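Take a look at the structure below.
Read-outs: derived from the displayed coordinates by stated rules, not from any lab. Everything numeric here is computed off the predicted structure, so don't read it as measured data. Quick reminder, even Gly has a Cβ in these numbers, built from the backbone with ideal geometry, and neighbours come from all protein chains shown.
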Amino acid sequence: MNYLEMAMSYLRPGGKLSQLLSGPARITLSIEKKSRPSESAVRVEESAAEPSRANPEITKLTEACHLELVSIVKALALAKNTHYSNVIHIDALRGIAENLPTTAEAMLQVPHMTKALVDKYGAQLLEVTERYAAEKMVIEAEMAGRRC
């Protein structure tokens, strides 16, 4: 797994499978701890840093939304017996948490979100984002009230 919790190595059965299963054979994978984020991950991190300068409450709200979205997708993945990043891309979950779309059309504007994903999982995700979008509006209204 890499820093985004995505599988980076796969095994397939070969001629030494019986040795592996019986014990004498071993598999050694080299693990490099230093990882360089992809361009899309850098963009997500940069955009995630912008709200923190504006308001720490909104940053906390975004993180809470992201955690809730991840937990929903992990439950969906568990039902399918797969890793959650195979259900919805991790960058898509981060983008949804940052943008807080309230419609299926707005959710389609998030990178990595396809019509098929929105059709399958959009209702569950929108339930969460609508709630957090309402909370964000309250925070922004309070901020605007303090400025006046």
Provide the packing ranking of 77-88, 99-110, i.e. peptides ordered by the mean count of other C-beta atoms within 10 Å per residue, highest first.
-> 99-110, 77-88
Too-long pairs where the Cα-Cα distance tops 23 Å, listed order kept, from Lys115/Lys136; Lys60/Lys115; Lys16/Lys80; Lys74/Lys115 = Lys115/Lys136; Lys60/Lys115; Lys16/Lys80
